[in-house]
């Protein structure tokens, strides 16, 4: 397992992956933080709350520090999904899997080691993304006249760590589903395309036109609720329970498939 972990970690240190992973992971929280603070208003407007315009009073709450990060935490999860899907499917498309299994013939340990390396990478991406977003919020807020005193309170710090945990947990489950598609389809482009198509337009069409209560059961909607710590579609604990069931079933199925299928 350690061999698979270390070999994957070496690949993750390539400049292209570092720029892509950290670049995409940082882009959304940074932009969300800038737009949230710069477009904040003193009085409620038509698109207040979680829309484009948000009031100073909302941002001055303890959780206002990570408001931008929470709003785009699902996008960080999609970055994780693409990374995991590409990492697992590429071993097939480039023909490197056979050579790797010669060095680590225990297939289950190989898969787990590779997965854990990607989990560590995503954890670092989430921590850095939240850290940069938090620093940027403290820099920009005073210039807009937004009080930051509640942000550094014990409640504000707790809210920040909860945002990191929720974003990371959702990103890991996004990654698990991406890894499963990578192993199942063995094509990076196809795996990523199907995953994004399902999470973004297909689930929206299902909920909007076919199954109005699907937000409580569809994995993409549940992941969005988990990343936000609960939302109007589903509570945090319901999303966590359902996703634990989905993730467990997915992991067992993919481990069984990978163990028996020819590389």
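Taken together, the values in this text are just the output of simple stated rules run on the coordinates, not laboratory data. The structure presented is a predicted model; accordingly, all values stated were derived computationally and were not measured. Neighbour counts run over all protein chains shown; Cβ positions are idealised from the backbone, glycine included.
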Using alpha-carbon coordinates, inclination of helix 188-197 to the longest axis of the chain, degrees: 40
Between residue 256 and residue 13, the two model label points (7 Å from Cα along the beta-carbon direction) sit apart by a distance in nm of 3.8
Would you mind checking the tilt of helix 107-144 against the longest principal axis of the Cα atoms of the chain, expressed as 0 to 90 degrees and rounded to 10? 20
At 7 Å along Cα-to-Cβ for each site, give me the label-to-label distance between residue 198 and residue 99 in nm. 3.1
Any idea what angle helix 154-185 forms with the longest principal axis of the chain, computed on alpha-carbon atoms, 0 to 90 degrees, nearest 10? 30
Could you grab the relative contact order for the stretch 2-260? Cα pairs under 8 Å, six or more apart, rounded to a whole percent. 26
